[in-house]
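The next block holds one structure in the form of structure tokens; read it before the comments.
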Amino acid sequence: MTDFMKEAIKEAIKAKEADEVPIGAVVVCDGKIISRAFNQREKKQNALAHAEVLAINKACKKLGSWRLDNATIYVTLEPCPMCAGAITNARIKEVVYGCEEATSKDNLCQKIFESDRLNHHPAYTFDQTHKQEITQLLQQFFKEKRQKQSKK
């Protein structure tokens, strides 16, 4: 069986190598990856260029539909509110994330996924299998960023 979170981590590493916040995502249907993406906000100079949104866009194009109701998205970091909304609006069946957002102590992502205002409620799972690896990747990225800024 494919470790889809490891595939998302590979995308996060690509982001780090591109000097982007290292977050990666893969969309899976019927046991196969149909799209993959990493953060590209700096490269694209677009606030919407989060890994999840880019992966959802690619998946929709590949399937020819905005409804991804048989899909699971694997993302290295707990989705932000924008991405949680995009996941919900794309009707994605399940979200699996590998690391909790350190600044999110209010369960906002969960609240969005469970909101009565929305007519779709994806399942969500915090898969801690690679939590340490993902946490280290993020911490190292921000540590290096701070070091570069302090040298200026």
To the nearest 20 debye, what is the magnitude of the charge dipole of the chain about its Cα centre, counting +1 on the Cβ of each Lys and Arg and -1 on the Cβ of each Asp and Glu?
-> 680
Among Gln139, Gln45, Gln110: highest mean-square fluctuation, GNM of the chain, C-alpha pairs under 10 Å = Gln45
If all Cα-Cα distances of region 4-51 are sorted into 10 Å bins from 0 onward, what percent lands in each bin, rounded to whole numbers?
-> 32, 48, 17, 2
With all protein chains present and a 1.4 Å probe, how do Ser35, Ser104 order by accessible area, largest first?
-> Ser104, Ser35
Over the Cα atoms of region 64-152, what is the Rg over Rh ratio if Rh follows Kirkwood?
-> 1.08
Quick one: accessible surface of Thr2, probe radius 1.4 Å, all protein chains present, in square angstrom to the nearest 10.
-> 70
Probe 1.4 Å, accessible area per residue of the chain, Å² | 58
Please identify which residues in region 67-93 have an amide N closer than 20 Å to a label point set 7 Å out from the Cα of Thr129, following the Cα→Cβ vector.
-> 71-79, 93
Which trypsin sites (Lys or Arg not before Pro) in region 1-102 pass both tests, a DSSP loop state and at most 12 other beta-carbon atoms within 10 Å?
-> none
Long-range amide H partners of Gly24, meaning residues 5 or more apart or on another chain whose placed amide H is closer than 5 Å, are Ala12, Thr76, Leu77
Among Thr72, Thr88, Thr103, which one moves the most in a GNM of the chain with springs linking Cα atoms closer than 10 Å?
-> Thr103
So the carbon and sulfur contribution to the accessible area of the chain, 1.4 Å probe, in percent, is 48
Viscosity 1.567 mPa s, temperature 4 °C, Stokes-Einstein D of region 90-140 from Kirkwood C-alpha radius, µm²/s = 105
When all alpha-carbon pairs of the chain are counted, what percent fall beyond 25 Å?
-> 25
At what distance in angstrom do the alpha carbon centres of region 88-152 and region 11-77 lie from each other?
-> 13
In deg cm²/dmol, rounded to 500, what helix-only [θ] at 222 nm does the chain give when every DSSP H run of at least 4 residues adds -39500 (n - 2.57) and the total is split over its residues?
-> -13500 deg cm²/dmol
Semi-axes of the equivalent ellipsoid for region 18-107, Cα gyration tensor, largest first, Å = 20, 16, 12
Each label point is 7 Å from the Cα along the Cα-to-Cβ direction; what then is the distance between the points at Gln139 and Lys10, in nm?
-> 2.6
When the distances between all Cα atoms of region 112-152 are binned every 5 Å from zero, what whole-number percent does each bin get?
-> 5, 19, 11, 11, 11, 12, 13, 10, 6, 2
So which lysines pass the test for Lys148, namely a Cα distance under 30 Å, with those fewer than 8 places away in the same chain ruled out?
-> Lys6, Lys10, Lys14, Lys16, Lys43, Lys44, Lys105, Lys131
Could you calculate the FRET efficiency of Lys61 with Lys148 from 1/(1 + (r/R0)^6), where r is the beta carbon distance between them and R0 is 25 Å, rounded to 0.05?
-> 0.10
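The values are calculated or read from the model by the stated rules, or taken from the named source; none is laboratory data. Just so it is clear, the structure is predicted and the values come from calculations on it, not from any experiment. Note: ideal-geometry Cβ built from the backbone for every residue, glycine included; neighbour counts use all protein chains shown. These accessible areas exclude ligands, DNA and RNA; they are computed on the full protein's heavy atoms, side chains included. Shrake-Rupley method; radii C 1.70, N 1.55, O 1.52, S 1.80 Å.
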